[in-house]
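The values are calculated or read from the model by the stated rules, or taken from the named source; none is laboratory data. What you see is a predicted model; the values in this text were computed from it and never measured. Every residue, glycine as well, gets a Cβ built from its backbone with ideal geometry; the counts of neighbours run over all protein chains shown.
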Amino acid sequence: MLGQLNRLALPVALIALSACASLPRGPAAARDPQNIITWQAIERMNVSTAHEVMIKRFNRPPAGPLRGSSTSFEGSQEPLVFIDSNVSEVAALRTLPARDIESMEILNAIEGTMRYGTGAVNGVIVIKTKRG
C-alpha cells in the first residue's frame, strides 16, 4: 500500500513543482496590469454591467473556469467572485452597473489559489466599487 502511495505522490509533486516554477517572482508578480481593468477603461468600453465588461474584455462570459483552471472538487466551474471584499455569486455581475466599478481584477487558478485558497480553483473576479 505504501509503495502505491509513493508512486502516486511523485507525479503529483512534480506537477505542483512545475506549476510553481513557472510563476513570476517578486513584487511585480503581485499584480499583473493585464488582469486589472480600471474604471477609465470600463468607461471607454461603453457597457452597462460587469457581465458585459467580462464579455467585452475577455470575449467570454464570467461563467465557467477562468484561464488555467479546472473543475473544483464540488463540481462547480464558476469562478469565485468578490465585490467590495464580500463573496458574491457570478449572477450578481449581470446586475452590477459598470458605472459603479472602480476596478476589476481577474485572477487565474494559480493566482487565485495562492491568494484565496482552494475555493479559488476556477479563478477569481475581484471587483472594487466606487462606493466600496
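Scanning the stretch 41-75 for residues that are part of a loop (DSSP other than H, G, I, E, B), of a type in the set (A, V, I, L, M, F, W, C) and modelled with pLDDT under 90 yields a count of 3. Looking only at residues of the stretch 95-109 that are at pLDDT below 95 and either assigned to a helix (DSSP H, G or I) or among the acidic types (Asp, Glu) (or both), we find that the one that is farthest from residue 42 (Cα to Cα) is 109. So which residues in the stretch 107-132 are of a type in the set (D, E, K, R) and farther than 21 Å from residue 57 by Cα? Matches in the stretch 107-132: 115, 131. Consider the stretch 116-132 and keep the residues that are exposed (fewer than 14 other Cβ atoms within 10 Å of the Cβ) and modelled with pLDDT of 90 or more. The one that is farthest from residue 55 (Cα to Cα) is 117. Considering only the stretch 110-126, how many residues are closer than 15 Å to residue 88 by Cα, in contact with a helix residue (DSSP H, G or I) (Cβ under 9 Å, 6 or more places away or on another chain) and in a helix (DSSP H, G or I)? Summing the residues that are closer than 15 Å to residue 88 by Cα, in contact with a helix residue (DSSP H, G or I) (Cβ under 9 Å, 6 or more places away or on another chain) and in a helix (DSSP H, G or I) in the stretch 110-126 gives 2.
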